[in-house]
Amino acid sequence: MLVLGFEELMYAPLRLAEALERTTGAEVRYSTTTRSPVLAVDDPGYAIRSRLVFPAHDTATPDGDGSDAADRYAYNVAGGGFDAVAVVVDSVADSPELHAPGGLLAQLAAHVPRVVLAVVPSYVPAPVPAPAPVSAPARDLERQETPVLPEPLRGPAFSSYAPEDVGWLLQDLSHVELEAPTEEREEAVQSGGAHYAESLPVEYQPTAEYQALFASALDTSAARIARAVGTVTETLLAERSPRPVLVSLARAGTPVGVLMRRWAQRRHGLDLPHYAVSIVRGRGIDANAVRWLAAHHDPADVVFVDGWTGKGAITRELADALAPFDGFDPGIAVLADPGGCVSTYGTREDFLIPSACLNSTVSGLISRTVLRSDLVGPSDFHGAKYYAELAGVDVSQHFVDTVAARFDEVAAAVDAEVKELLQADRAPTWEGWAAVERISEEYGIHDVNLVKPGVGETTRVLLRRVPWKILAKRGAGADLAHVRLLAEQRGVPVEEVDGLPYSCVGLIHPRFTRGATGADGKAVAAL
């Protein structure tokens, strides 16, 4: 545990720390807060690894330069691995600012599971009468602003993955009716009447022909995916952390996170933690999930994982959403980066990742995540559903087992590729974003959110949205077989184009109303 003194109030906290160590047998550390700003560098050879910044909570007096020292600092608390912290202040500093949402206590509670406050009486010289010398007992911080959060959900109670494969930082909404017809959802989203995360699409049930395509695609691409898994995992182990905490962006990133965990276990004997969290375009990452991660792991070890990049919208969303949190690296590790949006990737080729072909039945039977104010309160994780009734057609374990079975045969190729990558310039080019902007204007859409580049995103358009047309790179082969089949089933035209930086691009109907589809629900040309 940590005993944290308050600036020059050092002697009493130090004596308290000595007594606690002597009487409890706990490992006790001691430090104090300070007015002095110090650069924190999360490097093992540097003395100041992390810092918390909080507003002053004593009666501030002007500093020598005539300004009020508005900020105070606590160093090496975040990421310190403490089970508890005892904050010792005098009664003058036991102020509303101390207990405010952004104050010291709330900052500590975001990083340490148990926070206790001890107040010692202040000495106030005459002529002001000194307060009666009564001891204030230690009291638990009431975490009204930083709620006590539940443990992650795990299979088999929630998801078809093994419990050690992934912990879901979500709340179970399986009992809530959230599904709506695709056309109704599209109209509501485009009209501004609802956000896409407030409901769920009806789960697509593949035909026998489509299932056969998935099986064939998996058989063909398993070694290619295994190589990309190995490459991205070895790259992050070399550059980011020797024992990373994998945090996949639910749900497309979750099968990738499971595979990366298995690679690290097979090649290095590492038992890496893996969690899945929700991130919603336009609303950011689940802040409560981030707080849970900060309280249980060193933020510097957390690596966010996704399946692929399209134009980089989620990459930017994550960077913005993590800005208020100390210590987290917003760089995403992805299996495929055709958009040139990240620096940690398995490949930059736009190829078929079979997990993109299906919905929940290749993602542990978990739905897309849900964020709706009547279901997700300030103390809740974002929600999702577990479709246990689809267990008969679930291929989640089959997918990861099939890819993992190819790890040994690609190991040598991975080692050679990673050696080259570590010396290469992998800075993001954002080529994908530029291409999307060009396509949006060229096709008269004027909204980059309705342009979905790459095989994975195009598949999502065909499964979940109301597609307008598909742009396919001329000469693209088997990787687009499932896209062509889905397009045929939904009556969506496929346009062969030259010079496309992706294998394909899905265009969502730019002026959608339910009257913009035919009587059978299939897409028709935009007006």
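The values are calculated or read from the model by the stated rules, or taken from the named source; none is laboratory data. These numbers come from a predicted model, not from an experiment. Cβ coordinates were reconstructed from backbone atoms using ideal geometry, including for glycine residues, and neighbour counts include every protein chain displayed. Surface areas here come from the heavy atoms of the whole protein model, side chains and all, with no ligands, DNA or RNA. Shrake-Rupley method; radii C 1.70, N 1.55, O 1.52, S 1.80 Å.
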Identify all residues within region 161-208 that are open to solvent by less than 50 Å² (accessible area, probe 1.4 Å), at pLDDT below 85 and not charged (D, E, K, R); write none if there are none.
Ala180, Thr182, Ala188, Val189, Ala194, His195, Tyr196, Ala197, Ser199, Pro201, Pro206
Listed residues Glu437, Glu488, Glu495; which is closer than 18 Å to Asp337 by Cα, without any contact (Cβ under 8 Å) to a residue 40 or more places away in the chain and touching a strand residue (DSSP E or B) at 6+ places or on another chain (Cβ under 9 Å)?
Glu437
Count, please, the residues in region 237-246 that happen to be part of a helix (DSSP H, G or I) and buried (at least 21 other Cβ atoms within 10 Å of the Cβ).
1
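Table: residues versus (1) outside any loop (DSSP other than H, G, I, E, B); (2) surrounded by 23 or more Cβ atoms within 10 Å (Cβ to Cβ).
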{"position": "Tyr210", "(1), (2)": "yes, no"}
{"position": "Ser216", "(1), (2)": "yes, no"}
{"position": "Val258", "(1), (2)": "yes, yes"}
{"position": "Arg266", "(1), (2)": "yes, no"}
{"position": "Leu272", "(1), (2)": "no, no"}
{"position": "Tyr275", "(1), (2)": "yes, yes"}
Mind checking which residues of region 70-116 are at pLDDT below 90, loosely packed, with under 15 Cβ neighbours inside 10 Å and part of a loop (DSSP other than H, G, I, E, B)?
Ala70, Pro101, Gly102
In region 331-357, what count of residues is obtained for those that are open to solvent by less than 10 Å² (accessible area, probe 1.4 Å) and touching a Cys at 6+ places or on another chain (Cβ under 9 Å)?
2
The number of residues in region 379-424 that are farther than 30 Å from Gly284 by Cβ, touching a residue at least 40 places away in the same chain (Cβ under 8 Å) and not in a helix (DSSP H, G or I) is 5
So, of the residues in region 147-157 that are within 19 Å of the chain's Cα centre (by Cα) and either more than 13 Å from Ala287 (Cα to Cα) or surrounded by 21 or more Cβ atoms within 10 Å (Cβ to Cβ) (or both), which turns out to be modelled with the lowest pLDDT?
Pro150
Residues of region 447-475 being open to solvent by less than 30 Å² (accessible area, probe 1.4 Å) and in a loop (DSSP other than H, G, I, E, B), which ones?
Gly454, Val466
Filtered residue count, region 415-432, keeping only those that are under 25 Å from the mean Cα position of the chain (by Cα), open to solvent by 50 Å² or more (accessible area, probe 1.4 Å) and of a type outside the set (Val, Ile, Thr)
5
Any residue in region 236-253 that's acidic (Asp, Glu): show its pairings with residues that are at pLDDT 90 or above at Cβ separation under 8 Å, as long as the two are six or more apart or on different chains.
Glu239/Thr344; Glu239/Leu422
Spot the failing condition for Arg283; the list is (1) basic (Lys, Arg); (2) at pLDDT below 95; (3) in contact with a strand residue (DSSP E or B) (Cβ under 6 Å, 6 or more places away or on another chain), and only one is missed.
(3)
Would you say Trp433 is more than 19 Å from Ala228 (Cβ to Cβ), modelled with pLDDT under 85 and among the aromatic types (Phe, Trp, Tyr)?
yes
Restricting to region 356-371, name every residue that is modelled with pLDDT under 90 and either out of contact with any Phe, Trp or Tyr (no Cβ under 8 Å at 6 or more places or on another chain) or not in a loop (DSSP other than H, G, I, E, B) (or both).
Ala356
Filter region 300-355 for residues that are in a loop (DSSP other than H, G, I, E, B), among the acidic types (Asp, Glu) and within 12 Å of the chain's Cα centre (by Cα) and give the result.
Asp329
